[in-house]
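The values are calculated or read from the model by the stated rules, or taken from the named source; none is laboratory data. Keep in mind that this is a model prediction, so the values were computed, not measured. FYI the Cβ positions are ideal-geometry reconstructions off the backbone, even for glycines, and counts take in every protein chain you see. Note: accessible area is taken over every heavy atom of the protein model, side chains too, but ligands, DNA and RNA are not part of it. Shrake-Rupley method; radii C 1.70, N 1.55, O 1.52, S 1.80 Å.
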Amino acid sequence: VSEFSDVRPEYGATSTIMYEYLLAADIRPTGNLATALFYGIQADTQELGREACPADFAAAQELMVLADPKKLAKIRRAPVPTEYFQMLLTSLANAERAGTTVVSCICRDGTPDMMGEVADLLLRLDGVHTAVCFGLCGDIIHLSARAIDARGNAAERMKRVVKRIGTGGGHRTMAGGQVPAGDNPAKRMALVRTRILKAFAGRNEPQP
């Protein structure tokens, strides 16, 4: 158990909280740090269009003046390895649609960031209201969920998925979770998929 924690569900980005700590300590961020914090806010809130609160807008506005535009562009368009495209191909090939929910699995060698990126990508599918991606990263199954609007309550659904087998939570339109793979990763992955479909897709049958 941590000695100190700062949980602010109403905030859209952790970078906003970090920036407020700097302000409280009267520390002016360097250009590199300002660039990283600004990008963090933009990425977490999809350019302030998702789960952003007034504090996120204020921090982004102040950091934008300090950020380096060229370095920001390099971060946004950073080179990726061949494995990135292989994981993307796998996630699309394994995608299943159940009603207005799409679920995708990266069976192995995934990364936590990739789960969120795939969920964001699949949420753009016409007619889809919720997207969930899960996959094995080492000995942990990582999950990311995205919803079009707050009525999807992704955080509460994610908590139902990982109940008694892992941890999870987040916001009403974006959430994440972690489940230990255990001694039989394939069996645990199958269980996670079943739980995802039950929590996010209801009685809709999944189709490729």
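Values computed for the structure shown
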item	result
Cα-based helix-to-principal-axis angle, 82-93 vs the chain, degrees rounded to 10	50 degrees
Antiparallel content of DSSP bridges confined to the chain, in %, to 5	80 percent
Helix 112-122 vs. the chain, principal-axis angle (Cα, 0 to 90°, nearest 10)	80 degrees
Positive-end residue of 40, 119, 194, charge dipole of the chain with Cβ unit charges	194
Which label in (i) 52, 38, 36; (ii) 62, 36, 30; (iii) 51, 35, 29 gives the computed Cα extents along the principal axes in Å	(i)
Average accessible area per residue (Å²) across the stretch 1-127 - probe 1.4 Å, nucleic acids and ligands excluded	62 Å²
Where the stretch 156-197 is the region considered: accessible area per residue in Å², 1.4 Å probe	57 Å²
Accessible surface of the stretch 1-154 [probe 1.4 Å, protein heavy atoms]: carbon and sulfur percent	57 percent
Candidates per trypsin sites (Lys or Arg not before Pro) in the stretch 146-208, loop by DSSP, up to 16 other Cβ within 10 Å	163, 164, 203
Loop trypsin sites (Lys or Arg not before Pro), the stretch 73-134, which have at most 16 other Cβ atoms in a 10 Å radius of their Cβ (DSSP)	77, 108, 124
